[in-house]
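Only one structure is covered here, and it is reproduced in the block below.
Taken together, the values in this text are just the output of simple stated rules run on the coordinates, not laboratory data. Being a predicted model, the structure only gives us computed values, none of them experimental. Here Cβ is always computed from backbone atoms with ideal geometry, including for glycine, and neighbour counts include all displayed protein chains.
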Amino acid sequence: MVNVAVSEPQFDPRVADLLKGAIDPHVHSGPSIATRGIDHLELARDASEAGMAAIVTKDHDYSGVMCAALIEKHHPELTTRVFSSVVLNNVVGGLNPFAVEHTAAMGGKTVWLPTLTAAHHAKWERTSGIEHPASTTKIRPAEIIPVVGDDGQLFDSVKEILDTIARTGITLATGHLHISESWIVVREAITRGVERIVITHPEDIVEGTIEDVAGLAELGAFIEHSLSFFVPGSAFRSRTAEDLRAHIDAAGVDKTIMSSDLGQNGLLHPIDGMREGIQMCLDLGYGEPDIRKMFSTNARRAFDIEIVQI
């Protein structure tokens, strides 16, 4: 595994302070079937050095809760807490309530609805030209996992997942569903008692609009933005700082969460992605209390993360 070195760009002196206590709730450290630039332990060490409060690792193909448990047990010197999540793709059995229960029982923080195996993701892959190695060169092509029928209703298997999430108290994230499907999921999840809901990067892949962001936040969902789509130095950059401002203002600071969505081999280090995001928010004119909400305290609430107060 090739490690990504943390670069030393020039940041506002406030960035280092604002990074202390920050949480990255969507980071792609390894090991993974897709080559990663940094593994979970390396990232935890770098995050501890930066003073971050927590990270939540995400892999499209496995629940990382076992890795998180081993890091917490054998590396008590690390000050950054390490958590993980499960994505309901093919490798864990798709819409598998047992995978949800296991992840929750092991202290996992998030259940993501399908990503690589979402019907909308398959359509997006065909038009974007981006192919993930988990569904191409290393294992069989992904089998699509539908969540909404032609009648606009959720399948019973999805409802069972929502009931399991409500019962275990873990957080629901919408993954790579089309935004129109996410609306259906969110309304049903609220009806079934899911307490914490996060909309995954509406700015890219899922085709969310500013109106979607405002409406879903009004329903009570948190809106998570992947900084990899916004910050300089990211190969995935597709949006501007002004786009980020529009999304923040549509949901409101209290419903906005920032994540790096980084860790891919040869790209920007996840912690640098967080630094760049904080700098961008400072440049946009957001005050330090609001930035702390978007980079720390909102994630604590959305993912039920207990850490020592800043």
**Asked** Kirkwood Rh, segment 16-153, all Cα pairs: how many Å?
**Response** 16.1
**Fill in**
The distance between the Cα centres of segment 149-222 and segment 62-82, in whole Å, is 28
**Prompt:** Any idea what the dipole of the chain comes to, in debye rounded to 20, about its Cα centre with Lys/Arg Cβ at +1 and Asp/Glu Cβ at -1?
**Reply:** 500
**Fill in**
From the cross-link list 58/159; 123/255; 109/255; 123/159, the entries with a Cα-Cα span beyond 26 Å are 123/255
**Request:** Provide the three semi-axes, in whole Å and in decreasing order, of the ellipsoid equivalent to segment 51-122 as defined by the square roots of 5 times the Cα gyration tensor eigenvalues.
**Result:** 25, 13, 8
**Asked** If you take the charge dipole of the chain about its Cα centre, with +1 on Lys and Arg Cβ and -1 on Asp and Glu Cβ, which of 234, 10, 35 is farthest toward its positive end?
**Response** 35
**Prompt:** Which entry in (1) 54, 41, 39; (2) 57, 45, 43; (3) 63, 48, 35 matches Cα extents along the principal axes in Å derived from the coordinates of this structure?
**Reply:** (1)
**Item:** For peptides 191-197, 289-295, 149-155, sequence by mean Cβ density within 10 Å, most packed first
**Value:** 289-295, 191-197, 149-155
**Request:** Please report how far the C-alpha centroid of segment 227-249 lies from that of segment 97-126, rounded to the nearest whole angstrom.
**Result:** 24
**Prompt:** Using a Gaussian network model of the chain with C-alpha springs under 10 Å, which one of 285, 233, 273 is most mobile by mean-square fluctuation?
**Reply:** 285
